[in-house]
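Some notes on the structure that comes next.
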Amino acid sequence: MILFAGDPHGSYEHLYPFVQENDNVALIILGDLQLSSPDELDNLAKYCDIWFIHGNHDSKIGRASCRER
């Protein structure tokens, strides 16, 4: 089963019931992950395969962190 989730903006709790109750789920996150750490994706990955594309908010965060280095 494939689940498409768009623009979570750092909020993933609504995905857990679905991925925990169903087998063989591929979760595709369509941008704007806005992760504060990779832990959230690691926790979700316990229940499903995860694929994602970066969104416009993710790009801004990436550019800002590159400038700080």
Exactly one of these conditions fails for Asp49: (1) among the charged types (D, E, K, R); (2) farther than 14 Å from Gly10 by Cα; (3) modelled with pLDDT under 85. Give me its number. (3)
Selected residue (criterion: nearest to Met1 (Cα to Cα)) from residues of region 26-46 that are touching a strand residue (DSSP E or B) at 6+ places or on another chain (Cβ under 7 Å) and modelled with pLDDT under 95: Leu27
How many residues are open to solvent by 90 Å² or more (accessible area, probe 1.4 Å) and part of a loop (DSSP other than H, G, I, E, B) when one looks only at region 47-57? 2
What number of residues in region 2-46 are without any contact (Cβ under 8 Å) to a residue 40 or more places away in the chain and open to solvent by less than 80 Å² (accessible area, probe 1.4 Å)? 29
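The values are calculated or read from the model by the stated rules, or taken from the named source; none is laboratory data. Predicted model only: the values in this text are computed from it and were never measured. Cβ atoms come from the backbone with ideal geometry, glycine included; neighbour counts cover every protein chain shown. To get the accessible areas, we keep the full protein, side chains included, count just its heavy atoms, and leave off ligands, DNA and RNA. Shrake-Rupley method; radii C 1.70, N 1.55, O 1.52, S 1.80 Å.
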